[in-house]
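S.K.: Quick one: this structure, given as structure tokens, is what I'll be asking you about.
Just so you know, all these numbers are worked out from the coordinates, no wet-lab data involved. This is a predicted model, so every value here is computed, not measured. Counting neighbours? That spans all protein chains shown, and the Cβs are built from the backbone with ideal geometry, glycine included.
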Amino acid sequence: MECPYCHTQQTEVTNSRPTLGETQIWRRRKCLACLTIFTTHEVVDLSHLIVIKKSGRSEVFNRSKLYSGIYGATIGSKTPDRERVVEKITREVERELLFLKRKRIMSIEIADIVLNKLRKSQSATFLRFLAYCKDITNESQMKRELTKYILGG
Ligand SMILES: [Zn+2]
């Protein structure tokens, strides 16, 4: 990020928080050359993010795929406001992806981020998503994955 006063590239983020329902990120930056403090608003834009799938094939990040993956995992859940909850989790995942500042990411890494969010909300949804994205077919496999996510091991 360029300093708008002296145009050096050397600036640092001193504070940041999401705004407008977490689709924008507000940042306070400090120029390391002239020490001016200024504010930026950065919009969530993941259109340059390449997702590498388990098959090795890659594709551009697709928000609706992420949304439907999470939505599919919540089928049968008793959450009253399902669309809103799924939208919220989707936004949180997008925000986390943005903070990673990566150009390429494995689909399994995105799944991990989603699972971490689900783990904090509802366990039933979490379990279904886990089975869905990890192709889990037997109980011991499920236990291994669960240990990993729930116990952080
Ligand atoms: Zn400056």
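S.K.: Which links in Lys101/Lys134; Lys88/Lys120; Lys53/Lys88 stretch past 18 Å when you go from one Cα to the other?
M.R.: Checking Cα-Cα distances, Lys101/Lys134; Lys53/Lys88 exceed 18 Å.
S.K.: Excluding Lys54 itself, what net charge comes from residues whose Cβ is under 11 Å from its Cβ, given Lys and Arg +1 and Asp and Glu -1?
M.R.: +2
S.K.: Which ³J(HN,Hα) values, rounded to whole Hz and listed in residue order, are derived for the range 63-69 from phi using the Karplus coefficients 6.51, -1.76 and 1.60 in 6.51 cos²θ - 1.76 cosθ + 1.60 with θ = phi - 60°, glycine and proline given as x?
M.R.: Each residue of the range 63-69 in turn: 4, 5, 5, 4, 4, 5, x Hz.
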